[in-house]
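The values are calculated or read from the model by the stated rules, or taken from the named source; none is laboratory data. Just so it is clear, the model here is predicted, and its values are computed rather than measured. Cβ atoms come from the backbone with ideal geometry, glycine included; neighbour counts cover every protein chain shown. The accessibility values were calculated without ligands, DNA or RNA, using every heavy atom of the protein model including side chains. Shrake-Rupley method; radii C 1.70, N 1.55, O 1.52, S 1.80 Å.
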Amino acid sequence: MGRYVLRRLLQMVPVFLGTTFGIYLLVWALPGDPFAGKCGERDCPDSFVAAMNEKYNLDDTIFVQYGKYLWNLLRGDFGETFSGVPVSELIANAYPVTLRLALVALAVEALIGVTAGVVTGLRRRGFLDSLVLVSTLFLISIPVFVTGYVLQLLLGLEWGIINPTVSSKAGFGELIVPGFVLASLSMAYVARLTRASIAETRRADYVRTAVAKGLPQSRVVGVHMLRNAALPVITFLGTDLGAFMGGAIVTEGIFNIPGIGGLIFKSIQSKEGATVTGLVVLLVLVYLVMNLLVDLLYGVLDPRIRYD
Amino acid sequence: MKARMRTTVVLAAATLLLSSCGGGGDDAPGTGNTEGAISVFNTEPENPLVPGNTTEFGGGQVMDAMFTGLIDYDQQTTEVKNAVADSITDVDSKVYTFKLKPGWKFHDGTDVKAKNFVDAWNWTAYGPNATQGAPFFSDIQGYDEVNPADPDGKSGPQPAPAPTTDKMSGLKVIDDTTFEVTLKNSSPVFKVKLGYEVYSPLPDSFFADKAAFEAKPIGNGPFKFVSRQVGADVKLTRFDEYAGMDKPKFKDLTFRVYQSREAAYPDLVGNQLDFIEELPPNALAGQQHKTDLGDRVVERDSLINQTLAFPLYQEKYKNPDLRKAISMAINREEITTRIYEGSRQPADGLVHPLLKGYQKGQCGELCTFNPEKAREHLAKSGFTGTLKIISNSDGGHSEWATAAANSIKNTLGIECVFEPATSLGDFRGKINAREMTDMYRAGWVADYPSIENFLNPIYRTGASSNDGEYSNPEVDAKLAAADTASSEEESIKLYLEAEKMILNDLPFVPLWTQNTIGGKSDRLSSAKLSAFRKLDLTSVEVA
């Protein structure tokens, strides 16, 4: 197991270099002058543009630029935005918020999704099963921004249960509704995935054996069935956390959450290359780590797939 | 992206406070809650918070509240008033002497002295400091030595030569409260510009430690800095030793950063946010804002105009008859009433109606919808082919551009379509690189309230915003004469003549001037928009 982990960690290095270089190339080599729209309807003064080019090494070749960027990154320096704010400060402000949002969303997704999946998987074709199937179909077919705006309008403006937007502190309580919106789509998938997986394992030999042995229902379902049925679900949840961290642009936009998604979107629009690269580098790391964790969890859940 | 549109709001005004010294009666402090706190919509400042380097909306709002310059503009009438300056005297509009009022202090307790202005202006103009505000000092003698022009343009291989000095020879400190400015050429309009925030004074501590200043800026305006959380908010509080005439009638001011106007709007409707100076397009659609806000809608005309520019470097648009045909084929009345429900007014010239000296009907029949004449001009031009209107499509520009294209197409009977650009950056990039293939959206937001600002930067040969490469030596001569006229009246007269000459060439099609529609929360018993498309902080009263 130790060697496996080590090998996986080493594999991460080329993946990390490849992805970050790709991103750096995409961001800085994009056609268009990053300072074109920066001074409004007039051109920026020459001295301003020259100083900016110098600051971001834009006069070097792309490889030298990337080398310099990577060297700074390894020393923990993410660079500065055009406005002179350290990117690390932006990340330090935005990351905890996004992490909280992603955790809330993941909790909602896992709790509601898995529960609904288990219940319907055990009792197929009942009323509850139809209800879950219809409601998940409903969730899947509605775009996230509709769910978001409707909940904001109803809960926030009409009934006044929540604030229409999230404050800059963005505590856990405020994030429940946005988290639900963010998770709604995946929640439906998790429910359906769990349902199918449970239904399949229900007919497995070892479940029949467990029932025949007279084990209580809770143990049969909780330990024998869920453990095996959870494999595909875990894979889905793991990669979803990564998706939540980077893909919450719509939800963050609606509820004005100062998180990573909106920051990336805005930085791409204003060609803030240093910010985009810094943020995406972190997202790549999150994906890599989550993938590793998922793979390791496989071994724990199903001893047959232990790695040497 | 909407926010980027407003980076044009290089708008001036170390704002606040000087509105109407005489009218203290009905808006005297004491009405309402003078210890109140308000929150105002903002976008993330794009530059470090230094006035000389801030020319966009998000930072500009903060700088406006924190700094006061030599003069100030009345937020409602745009009239010019002395602020820190006690008196401004000039010799032939070329050598200006500024005497400062005593008693003005920076937020750190130091006095505002003549040298604070001189040092700040020198710093901003100095090339290697790379400020966005540097070109505003190009009138002053010695600017070319501190900020030498790049010999082959910024895209050329050569770097700009190093400046020989970091002090402009035209600036001279006489004593603590007096300084003298010598311009390269006489310019009656120079003193009108000085309310723009890039001309603000900077305290000594700025020059000692710039990084510390950027972290906690120190101004001399009505509000002082409390804290800033990047991406979330900037908090200010009233500066009680402020020496200006009109002190704010509330205490704490928070500029809240929103991801978009759309995100801020629900907060305004729900009274979680106190003011947005411009509502998002989706709130204006179908008059939704009137249902949502009722009497909390705040509206007024502002110093903005919208035009259609021609890339005169393209062979296609060199014929003035084609340009005239296009202008006369656009039904401004119909577009402004149908699309903007009357919040835009058809333009009849290049100069904004709010400005001193504005004259009605300068453009005459060239800016009036006249299908017959339009077709006549088209026939005279001999043009055949297709036309396009290029614009960024965000910020509500696609609607009118489509309508204008249709108007041209239906009137002239030639193909004309709206072609959206991918983003404002891409759009500006092509304009700057002179790569525009067809006519495109242009517009102007006043830097300072003067006719000059609507002509010189746009229509003079080689001027900073003359993107269409318009050039007419006679116009240049007329503008130069107006710039250096001995009196303001004379100079206004000459500017108006220049305007008429430009309109005769029609390098731009004037479209309309603009109202700004904002909104306030029900916590504010009074809040007005300024002519500069910002919240007039002096008008704010908390219920």
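The table for this structure:
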quantity: Share of pairwise Cα separations in the range B:359-409, more than 18 Å, in percent; calculated: 50 percent
quantity: Two-decimal ratio, the range A:262-308, of alpha-carbon radius of gyration to 2.2 N^0.38 Å; calculated: 1.77
quantity: Kirkwood Rh and Cα Rg combined as Rg over Rh, evaluated for the range B:413-530; calculated: 1.07
quantity: FRET efficiency estimate (nearest 0.05) - Cβ-Cβ, A:L111 to A:R304, R0 30 angstrom; calculated: 0.60
quantity: Residue among A:N291, B:T461, B:F508 farthest towards the positive dipole end of the protein assembly as shown, charges placed on Cβ; calculated: A:N291
quantity: Modelled FRET efficiency - R0 25 Å, B:K318 with B:S343, Cβ distances, 0.05 increments; calculated: 0.10
quantity: Among A:V97, A:V146, A:L74 the positive-end extreme of the charge dipole of the range A:25-160 (Cβ point charges); calculated: A:V146
quantity: Under the Debye formula (equal points on every Cα, no solvent term), log10 I(q)/I(0) of the range B:177-283 at q = 0.09, 0.20 Å⁻¹; calculated: -0.39, -1.19
quantity: Whole-number percent relative contact order across the range B:234-344, with pairs defined as alpha carbons under 8 Å at least 6 apart; calculated: 12 percent
quantity: Volume per residue that the Cα convex hull of the range A:177-227 spans, once the total is divided by residue count, Å³; calculated: 72 Å³
quantity: Between the range A:155-229 and the range B:272-299, the Cα center-to-center distance that results, in Å; calculated: 41 Å
quantity: Between the range B:304-352 and the range B:69-132, the alpha-carbon center distance in angstrom; calculated: 38 Å
quantity: Solvent-accessible area lost in complex, 40 Å² minimum, residues of the range B:421-453 relative to chain alone, 1.4 Å; calculated: B:R428, B:N432
quantity: Chain A: most fluctuating residue of A:S267, A:S47, A:S135 per GNM, C-alpha cutoff 10 Å; calculated: A:S47
quantity: Computed [θ] at 222 nm, helices only, for chain B once each DSSP H run of length n ≥ 4 contributes -39500 (n - 2.57); calculated: -8000 deg cm²/dmol
quantity: Convex hull per residue volume in Å³, alpha carbons only, for the range B:279-383; calculated: 136 Å³
quantity: Mean Cα-pair separation over length for chain A, i.e. relative contact order, pairs under 8 Å, 6 or more apart, %; calculated: 26 percent
quantity: Debye log10 I(q)/I(0) at q = 0.13, 0.19 Å⁻¹ for the range A:1-134, Cα point scatterers; calculated: -0.83, -1.20
quantity: Stokes-Einstein D for the range B:296-348, Kirkwood Rh over Cα pairs, 10 °C, 1.306 mPa s (µm²/s); calculated: 118 µm²/s
quantity: Under 5 Å, built H, 5+ apart or other chain: amide partners of B:T43; calculated: B:G58
quantity: Distance histogram for the range B:436-485 (every C-alpha pair counted, 5 angstrom bins, percent rounded to whole numbers); calculated: 4, 19, 27, 25, 16, 6, 2, 0
quantity: Area projected by the alpha carbon convex hull of the range B:44-112, averaged over all directions, nm²; calculated: 6.3 nm²
quantity: Per residue accessible area in Å² of the protein assembly as shown, where ligands, DNA and RNA are left out and the probe is 1.4 Å; calculated: 40 Å²
quantity: Net charge dipole size for the range B:349-396 [Lys, Arg +1 and Asp, Glu -1 on Cβ; Debye, nearest 20]; calculated: 120 debye
quantity: Net charge, A:T275 excluded, C-beta distance under 12 Å - Lys, Arg +1, Asp, Glu -1; calculated: -2
quantity: Estimated D of the range B:225-288 in µm² per second, where Rh is the Kirkwood radius over Cα pairs and Stokes-Einstein applies at 25 °C, 0.890 mPa s; calculated: 177 µm²/s
quantity: Burial of 20 Å² or greater, the range A:165-181 residues [accessible area, probe 1.4 Å, versus chain by itself]; calculated: A:T165, A:S168
quantity: Diffusion constant of the protein assembly as shown at 25 °C, which comes from Stokes-Einstein with the Kirkwood Cα-pair radius and 0.890 mPa s, µm²/s; calculated: 82 µm²/s
quantity: Charge context of B:V297, other residues only, Cβ under 13 angstrom, K/R +1, D/E -1; calculated: -2
quantity: B:S525 accessible area, assembled protein chains, probe 1.4 Å, Å²; calculated: 70 Å²
quantity: Cα convex hull of chain A, projected area averaged across orientations, nm²; calculated: 20.6 nm²
quantity: Radius ratio Rg over Rh of the range B:107-241, counting only Cα atoms, Kirkwood formula for Rh; calculated: 1.01
quantity: Chain B: relative contact order as a whole-number percent, Cα under 8 Å and 6+ apart; calculated: 21 percent
quantity: Distance histogram for chain B (every C-alpha pair counted, 20 angstrom bins, percent rounded to whole numbers); calculated: 21, 55, 23, 1
quantity: Accessible area buried at the B-A interface, both sides summed, 1.4 Å probe (Å², nearest 100); calculated: 3600 Å²
quantity: Heavy-atom accessible surface of the protein assembly as shown: percent carbon and sulfur, 1.4 Å; calculated: 58 percent
quantity: Buried on assembly, the range B:259-307 (at least 10 Å² less accessible surface than by itself, 1.4 Å probe); calculated: B:Q259, B:E262, B:A263, B:P266, B:D267, B:V269, B:G270, B:Q272
quantity: Helix-derived mean residue ellipticity, 222 nm - over chain A, DSSP H n ≥ 4, -39500 (n - 2.57), to 500; calculated: -23000 deg cm²/dmol
quantity: Euclidean distance between Cα centres, the range A:49-98 to the range B:436-484, Å; calculated: 37 Å
quantity: Charge dipole (debye, nearest 20) of the protein assembly as shown; +1 at Cβ of Lys and Arg, -1 at Cβ of Asp and Glu; calculated: 3860 debye
quantity: Cα pair distances in the range B:335-420, grouped into 10 Å bins until the bin that holds the longest one, percent each; calculated: 15, 37, 37, 11, 0
quantity: Cβ charges +1 (Lys, Arg) and -1 (Asp, Glu), total dipole of chain B, debye; calculated: 600 debye
